[in-house]
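Remarks on the structure that follows.
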Amino acid sequence: MSRLRTALNRYVGMRQGLGYKYDGPARRLSAFVTFMEARGAETITSDLAMQWVTSMGRQPSWSIRLADVRCFAQHLSHFDLLTEVPPSDAVPPARRTKPYIYSDIEIQALLAAALSLPPANALRRWTYHCLFGLIAVAGLRHSEALGLLRADVDLEQGVLTIRETKFGKSRLVPLHATTIAVLTNYAARRDAHLGTPRSPYFFVAEQGGRLLHQYVHRVFWRLSRQIGLRQEGDRGGPRVHDLRHRFAVQTLINWHRAGEDVERELPVLSTFLGHANVRDTYWYLSAAPELMNHAVRRLDKRWEVRS
């Protein structure tokens with residue numbers, strides 16, 4: 001095993017020990033070390049790092065690989081003075097996909113369309129109606145909703161337990177009484193349909209197995225075309241994940257309209273959404289003109305005070 005590979009294993013172990021899953025960065029950095037080993041290089045230089053960053057994939061992914069290598073190189077530079085940390089602006093920054101902010105009418109239409117899914121006597125329509133509805137009202141990642149176990153959904157206390165999320169953390173998500181009622185109804189329909197439980201998962205496919213991501217997205221695309229959110233053949237358009245974005249933006253707007261200090265409340269929303277850092281939640285301020293205007297006014301007031 002090369003010296004660089006040994007250092008990577010220790011580095012990944014350290015990050016995971018701090019509570020990060022770190023699966024994606026670990027895979028990418030392993031590929032980087034393989035690249036270095038093929039060249040007989042044991043010390044990171046900016047030139048070699050940039051060769052690897054730009055050697056594969058499309059430009060939007062370069063900034064992700066650069067960020068991974070920079071963090072690893074910064075760590076190594078404390079032990080190896082010859083290690084070079086490539087500059088952060090060496091490649092154009094990745095542009096984050098602009099979220100689609102659903103209106104109340106669009107969400108209602110989506111959920112109503114789900115209830116029209118054939119066949120009429122199947123569980124399928126109720127599964128997708130409740131799945132998309134829960135993501136919309138609780139701000140879950142779709143992977144979190146699909147991963148919910150029966151034991152994670154406490155309908156008596158009205159609380160979801162979200163386990164081992166994107167960043168390796170768990171959190172509790174309280175539910176509104178109306179959401180509890182809908183989920184209770186779904187659970188009764190599910191158990192009546194299946195008889196003996198065949199799966200530990202809360203949301204299940206028709207025969208009781210776990211819902212698969214690809215089928216969920218396929219159904220969503222069909223429903224979104226049905227209600228006019230996208231046209232036949234459109235490759236872009238609203239996504240399931242945008243239901244989570246809409247929840248976050250609407251929460252901030254509601255706080256703003258209620259006279260709350262939105263900036264002060266951001267850590268609350270960050271915790272609710274399961275973000276690793278509050279700065280990830282700040283991004284939502286740019287997703288709605290009303291919030292952007294609010295942020296601009298706050299900055300203007302700060303500059304007036306300073307001047």
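The values are calculated or read from the model by the stated rules, or taken from the named source; none is laboratory data. What you are looking at is a predicted structure, and each value in this text was computed from that prediction instead of being measured. Virtual Cβ from ideal backbone geometry, glycine too; neighbours counted across all protein chains shown.
A few notes on this one:
- Helices (runs of 4 or more DSSP H) lying entirely in the range 36-135 (those with 3 or more residues that are of a type in the set (Ser, Thr, Tyr)): 59-77
- Among the residues of the range 220-233, the ones that are part of a loop (DSSP other than H, G, I, E, B) and of a type in the set (Lys, Arg) come to 1 in all.
- Tabulated pairs, the range 212-228, first within 13 Å of residue 129 (Cβ to Cβ), second surrounded by 13 or more Cβ atoms within 10 Å (Cβ to Cβ), C-beta under 7 angstrom, 6+ apart or interchain: 216/142; 216/146; 216/240; 219/128; 220/240; 223/110; 223/113; 223/114
- The range 236-289, subset buried (at least 17 other Cβ atoms within 10 Å of the Cβ) and among the basic types (Lys, Arg), residue nearest to the chain's Cα centre (by Cα): 244
- Considered as a group, the residues in the range 189-219 that are in a helix (DSSP H, G or I) and within 28 Å of the chain's Cα centre (by Cα) include one that is nearest to residue 147 (Cα to Cα), and that residue is 213.
- Among the residues making up the range 146-188, a single one is in a helix (DSSP H, G or I), small (Gly, Ala, Ser) and within 30 Å of residue 24 (Cα to Cα): 151.
- Scoring residue 143 on the criteria (1) out of contact with any Ser or Thr (no Cβ under 7 Å at 6 or more places or on another chain); (2) within 28 Å of residue 274 (Cα to Cα); (3) at pLDDT 95 or above; (4) part of a helix (DSSP H, G or I) leaves a single failure, condition (3).
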